[in-house]
Amino acid sequence: LYPGRRLLVLSAGAGTPAEVAALLRDRGFGPSRLRVLARLGGADEHVTEGAAEGWPHPPGDALNIVAVDCRAAETTPESAAKTARLALTPGLPDHSYEHDGQLTKRHVRAATLAALAPAPGELLWDVGGGAGSIGIEWMRAHRSCRAVSVERDPVRARRIEHNAHTLGVPGLRVVTGPAPASLAELPTPDAVFIGGGLTAPGVLDACWDALRPGGRIVANTVTLESEALLADWHRRRGGELVRIAVAHAVPVGGFTGWRQAMPVTQWAAVKSGPPAPAVESADRGEER
């Protein structure tokens, strides 16, 4: 949903127009105009229309298509805090996601996606998915990008699925279980992100061994123990080892000061060797 976009929505039934109107209101597009095109090509074809906010019509004919002229509501500080503007670049606002604190924050997420460098048709493993933000924004980079999010906590796994549907990438595959055991049967990745569980025995080794030649691996951590592990892998495998520090301006009495977030240590590397040849659609080219 973006201002000025025009959509044709294939309806699931008589209730779809009201559902579309409610979704538009929730996303800050209440002024959008809807036209319900019913029984097209029939002797009794007809059109009903109205704004998404205050959609005036009861359920009508089940055979319909909904035409949407997207118009954004006026932005206020209150609405901006509730409705995320979903840009096509990495680094969606943190409030775009439902999470329990296990979320790669916005500025670190943008740097992480830059290091992962998604390209059309590629597959990402997002290990330790948390809220699913890395896998979701990888898939938002191009409609043919694919991702598998591996999360051991069932509640978080369900939350990842919810976030993926909300943010437009319902094809994100979620695997519930611990790494590295849950990685064994997954298709070969073009890139791997490790956002949690770095110190679990065998996780880094399994991810590195599974990666294609020429593939990228990125791992983030905020703990000294995992940082020592990444320093050792950097020594043995090369790549880049960086520390990302972000501070936010916050009220301090009647003034403003900086509040420092925990610094994130990031290791990014490319697996040496000739790149693998392209594989046909059954393995690499499937769209969601």
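The values are calculated or read from the model by the stated rules, or taken from the named source; none is laboratory data. On a predicted model such as this, the values are computed, not experimentally measured, just so you know. FYI the Cβ positions are ideal-geometry reconstructions off the backbone, even for glycines, and counts take in every protein chain you see. These accessible areas exclude ligands, DNA and RNA; they are computed on the full protein's heavy atoms, side chains included. Shrake-Rupley method; radii C 1.70, N 1.55, O 1.52, S 1.80 Å.
Some points to look at:
- Summed side-chain charge close to Ala231 - residues other than Ala231 whose Cβ falls under 13 Å, Lys, Arg +1, Asp, Glu -1: 0
- The chymotrypsin sites (Phe, Trp or Tyr not before Pro) of the stretch 205-268 include none that meets both conditions, a loop assignment by DSSP and at most 15 other Cβ atoms within 10 Å of the site Cβ.
- Build a GNM of the chain with springs between Cα atoms under 10 Å apart, and of Thr75, Thr89, Thr199 the one that fluctuates most is Thr75.
- The distance from the alpha carbon centre of the stretch 1-54 to that of the stretch 111-132 is 34 Å, rounded to a whole number.
- Rounded to the nearest 20, the Cβ-based charge dipole of the chain about its Cα centre (Lys and Arg +1, Asp and Glu -1) stands at 620 debye.
- Of Gly273, Gly197, Gly171, the one that fluctuates the most in a GNM where the chain has Cα springs shorter than 10 Å: Gly273
- Structure-derived mean projected area of the Cα convex hull in nm² - corresponding label in (i) 17.6; (ii) 16.0; (iii) 19.0: (iii)
- Most mobile of Pro251, Pro59, Pro180 in a GNM of the chain (Cα contacts under 10 Å): Pro251
- Using a cutoff of 8 angstrom between alpha carbon atoms and counting only pairs six or more residues apart, the relative contact order for the stretch 206-262 works out to 20 percent.
- Since only Val252, Ala268, Ala114 are under comparison, the one whose Cα sits farthest along the positive direction of the charge dipole of the chain, derived from C-beta charges on Lys, Arg, Asp and Glu, is Val252.
- Between the Cα long axis of helix 16-26 and the first principal axis of the chain there is an angle of about 60°, rounded to the nearest 10.
- Solvent-accessible area per residue for the chain (1.4 angstrom probe, square angstrom): 54
- For the chain, the longest principal axis of the alpha carbon atoms and the long axis of helix 106-116 meet at an angle near 70°.
- The chain - mean residue ellipticity at 222 nm from DSSP helices (-39,500 (n - 2.57) per run, n ≥ 4, rounded to 500): -7500 deg cm²/dmol
- Virtual spin-label span in nm between Leu1 and Val242, 7 Å along Cα→Cβ: 3.4
- Exposure check, 1.4 Å probe, all protein chains in place: His142 carries approximately 80 Å² of accessible surface.
- Once exposed loop GluC sites (Glu not before Pro) are cut out (DSSP; at most 11 other Cβ, 10 Å), longest piece of the chain: 75-184
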